[in-house]
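We did not get these values from a lab; they are worked out from the coordinates using the rules stated. Being a predicted model, the structure only gives us computed values, none of them experimental. Cβ: placed from backbone, ideal geometry, glycine included. Neighbour counts: every protein chain shown.
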Amino acid sequence: MSHKFVQLLFLIFLFEAVYLKTIKLGFCYGGFLDSHCLEIEAESLLKLKESLYDPSGRLSSWRGNDCCNWKGVTCSNRTSHVTSLELSNVAAYALGGNISSSLVDLKYLSYLDLSLNNFEGLPIPDFLGSLQNLEYLNLSHATFSGLIPRSLSNLSKLQFLDMRLFTSEVVENDLGWISSLSSLKYLDIGEVDLTGASSHWLSDINSMSSLQELHLPQCNLAYIPLSLPFVNFTSLSVLELSNNGFNSTLPSWLFNLSSLTQLDLSSNNFHGVLPGGFSKLRSLERLDLSSNFGIEGSLSSMGKLCNLKTLKMNSNKLTGEITKFVDSLSECSNKTLETLDLGQNDLTGDLPTSIGLLESLQYLLLWHNSFTGSVPETIGKLSSLKQLYLSDNKMSGNITENLGQLSSLIDLDLSENPWGGIITEAHMMNLSSLKEFSIGIKLSNNITFGFNISPKWIPPFQLKLITIQSCKLGPKFPGWIKNQKELSNIIFNTAGISDTFPDWFLELNLELNELDVAYNELSGKVPNSFRFLESSNVDLSSNLFEGPLPLWSSNVSTLYLRDNKFSGPIPPDIGTIMPFLSDIDISRNSLNGFIPMSIADMNGLVTLVISSNFLSGKVPDFFEKLPMLLIVDMSNNSLSGQIPRSLGSLNSIKFLILSGNNLSGELPSSLRNCTELASMDLGDNRLSGTIPSWIGESMSSLLILRLRNNSFTGKIPAQLCNLSVLHILDLSENILSGALHRCIGNLTGFKVELTQEDTKIYEGKLLVVKQGRMAQYYSILYLVNSIDLSNNKLHGEIPEEVTLLSVLWTLNLSMNHLTGNIPSDIEKLTRLETLDLSWNELSGHIPTTMSSLTFLNHLNLSFNNFSGRIPTGNQFETLDPSIYKGNTFLCGDLLNITCGSKAQTPDGNNENAEDEARFDTLAFYGFIGVGFFTGFWLVCGTLVLKKDCRDAYFYFLLKMYDRILAFPASIPCVRNWKMPANERAEINQSITRYVVNTSV
């Protein structure tokens, strides 16, 4: 065959190929052949269009008979049958309605995508199982619900199936139908409840030898077999089993998946030591074992994973050092590792120098562990490194200057470590790609490092975020950021800056998303010229700023200006200028005037804190317009009038703090609607009336109830005993009467210690009486357990049930009219630190068992009617004797009053204190009786038996009588006065008669 003949055949073949291709394209898309799709299939699609809800008109091209030209429809080039429907939502409006069963007429349909639409909980159509030519089916995120139809098992040609989050309700599906899909290569049923398949899901999957990707995240799977008789799905390259309930060691069959490139076992409860079998995964490009809160053990058992590109084992319980593990990775000849994420574990020790040998490393994430030491010098060799996260560790010492060699570094986070030394220009010399830089510990008073950078230095980078906290950055505002024109987040918190905002900083004209310069000594007026991006945060707290409150654009969402010297009124148009504020805290300033009504325009306001100012007038009745409020703190002002009824419209409010004002009247009944209240502090006002019973009936979430220093009257309602989580109760300094309810023992909040996780947040500060004085609590308020009912008119006995409150810190019942004894089981209050029962009418003995209350450091029992020996031992030996003042019948060595001769126990306690006290009392009254009897008969008996004694005795009486009568005459002013003779004669006769009769 000649060369020319071969060329001719090639040209003919090429012509035919181009010609046939042109015909096929024309057949499908209406080219020069102008062909149409089959009529029955066009009608089927039109019926589908009629059944769907199409708000955006995505199916507007579906008209006429040429369905091959309709949007989302693809036809076969050869047969003109419809083979593909691409109806995934890519616009703003999703398709809805029903899916017509006319789809079964598309018998050659091989591709169907209905993902990201909204079918509002309709079940997946059962007739989809009749489309036996389907190879691709995507129903993900389309809000279907109900059971997965078992008819899908008929789709023997199906290669791709995605139903992630198809269900909007909890249905216990199983996977028994999946084993029939012998051609399946991709399966995603993520976030579908597979509780019904929990025990056999893996055996169903194991029959699918063609499977390449399996995604079963968050499926409520609780069981995973540790071994399999054989592994059939060896072609698997991606396995995602995150966010399930597995609670076991890692299964051995994982290490037979030699084709695996991605493994995600995050957010489970795997535990035990990572086996060395991972070295078998030679083809692995990505390994993700993140968020397995049970995995424990040494990383050195991982082996040499020389083909890894991504290794993620964050959010586990891995322990020990990583030196051997990193050493083994660095010994690989083909160093392919790009991502190493070991964050949020319990790893310890220093970072190994071998980490600098991982040449391809781009992401090194070691945050939230317990690493110590400093950054190894070899870190400068990682020329490809883009992210370095070392935050939340215990790393100290000087930071190596070799960090300044990482020219590819974009994010550098060294925060929440107690670094030492000085940061200079050398640490940032070549960081030309740096965009985010964070260092320092938030709100720490322990300053261990600082900056020594010339204000004239021009950095090689353009930062977007800079966070420098708890260090010596000042005293001047850092001039080296003068050319940083891309900054959007600036945090110089607790940075030792005592300056004003410099003019050059204002001239940068930055668009800020966050400005935090709190806890410095910045002064002057705050300019209104700052520009903020949408949802920005501003924190200028705890400085020396003065002048009127600054106001900015509507883009600011959080505004913290507390603890400054701002003065004047709150701008009346603040709500108009900043309507999108969600949080505002302007407390502890010198603001005056009224609370503006325009605050009602802040519809999304969540936090309103305006306490500790000089605000006056009434509390505005505008809360119906602020439905999102969770925190209202207007305490320590001069507000007057009644509590507005509209506060009751805040159904979700958590903290209501109005203390320290001049509010009057009764509590509005509308407050009973605030059922989510965690803290209600209305103390130090002029409120009156009775304490409503609905507090205990409606506010079951109440943790703090403080009504002290008001004028409440009546009895303490028994319904308060229903407040099962209450742990601070302060009703002191009112006019409450009645007896203490025995149901006080039902306050279970004083029986179980709360944790910070239980209470989530506490806002503001609270004054609590502790050790006889007011103490202010803030960050540990959740730990305080206090009952203060002092300075009222309560009477009756202290109920024995109070001793059931085992975690009570403070019990103050002083200045009432309580009677009876101290509860005999008082020693059960093992956490008691303060006990004040002074100024009552209590009696009986002080229980000797009180000496076992080793936490008790403030005790006051003064001015009661206690008797007997005071307890001794432990801290009772060191207490001031004044705590017993006003108890006449107490005795003991501390009072220098002897109780008797009874023997003392070795620890100083009386062996039989009660018997001895009873004997002392009887002896006292016995001696009085004997003395009276002896004295009476010694005098009177002598007069009765001896006449001479009687005569002498009455003669003495007559002499004394004459002298008494003569005494007034010796006084000048009465000297001339004389008793009438007849009166004197009568008296003489009476005495003589009495003497004569007595003598006889």
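What is the dipole size for the range 775-883, taken about its Cα centre, with +1 at each Lys and Arg Cβ and -1 at each Asp and Glu Cβ, in debye to the nearest 20?
On the way: 4 positive and 11 negative charges, 13 e Å.
Its charge dipole is roughly 60 debye.
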Residue by residue, what Karplus-based ³J(HN,Hα) values in Hz, rounded to whole numbers, does the range 211-225 have, using 6.51, -1.76 and 1.60 with θ = phi - 60° and x for Gly and Pro? 5, 10, 10, 10, 10, 10, x, 6, 10, 6, 7, 10, 10, 9, x
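Shape verdict for the range 535-624, please, from the Cα gyration tensor: rounded (a/c under 1.5), prolate (a/b greater than b/c) or oblate.
It comes out oblate by the Cα gyration axes.
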Long-range HN-HN contacts of Gly420 with modeled amide H, under 5 Å: Gly397, Asn398, Ile399
List the residues, sorted by chain then number, that are 5 or more residues from Phe566 or on another chain and whose placed amide H is less than 5 Å from its amide H. Ser590
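As a test, work out the antiparallel percent of DSSP beta bridges whose residues both lie in the range 350-457, rounded to the nearest 5. Write out the running numbers ahead of the final one.
On the way: 0 of 16 bridges.
Bridges in the range 350-457 that DSSP calls antiparallel: roughly 0 percent.
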Hey, if you put +1 on the Cβ of every Lys and Arg and -1 on every Asp and Glu Cβ in the range 336-477, which of Pro460, Thr339, Leu364 ends up farthest toward the positive end of that dipole? Pro460
For Gly593, what residues show an amide H to amide H distance below 5 Å, using hydrogens built from the backbone and excluding near sequence neighbours? Ser616
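Would the range 407-514 count as rounded, prolate or oblate if I go by the C-alpha gyration tensor, calling it rounded below 1.5 in a/c and otherwise prolate when a/b exceeds b/c, oblate otherwise? All intermediate terms of the calculation are to be shown ahead of the outcome.
On the way: a/c = 1.43, a/b = 1.12, b/c = 1.27.
Judged from the Cα gyration tensor, the range 407-514 comes out rounded (a/c under 1.5).
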Just to check I understand the Karplus step: with θ = phi - 60° and J = 6.51 cos²θ - 1.76 cosθ + 1.60, what whole-Hz values come out for the range 328-338, glycine and proline as x? 5, 5, 6, 7, 5, 6, 9, 7, 9, 4, 10
Between the range 812-836 and the range 340-375, what's the alpha-carbon centroid distance in Å? 55 Å
If you keep only loop residues by DSSP, which GluC sites (Glu not before Pro) in the range 337-429 have at most 14 other Cβ atoms within 10 Å of their Cβ? Glu359
Can you work out the Karplus-derived ³J(HN,Hα) for every residue in the range 42-58? Use 6.51 cos²θ - 1.76 cosθ + 1.60 with θ = phi - 60°, whole Hz, and x for glycine or proline. 5, 4, 4, 5, 5, 5, 4, 4, 5, 7, 9, 9, 10, x, 9, x, 5
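Express in nm, to one decimal, how much length is gained between Ser535 and Asn483 on full extension, taking 0.36 nm for each residue of separation and deducting their alpha carbon distance. Write out the running numbers ahead of the final one.
On the way: separation 52, 0.36 × 52 = 18.72 nm, distance 2.51 nm.
Contour length minus Cα-Cα distance gives 16.2 nm.
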Tell me whether the range 59-151 comes out rounded, prolate or oblate; compute the Cα gyration tensor, take square roots of the eigenvalues as a ≥ b ≥ c, and use a/c under 1.5 as the rounded threshold. oblate
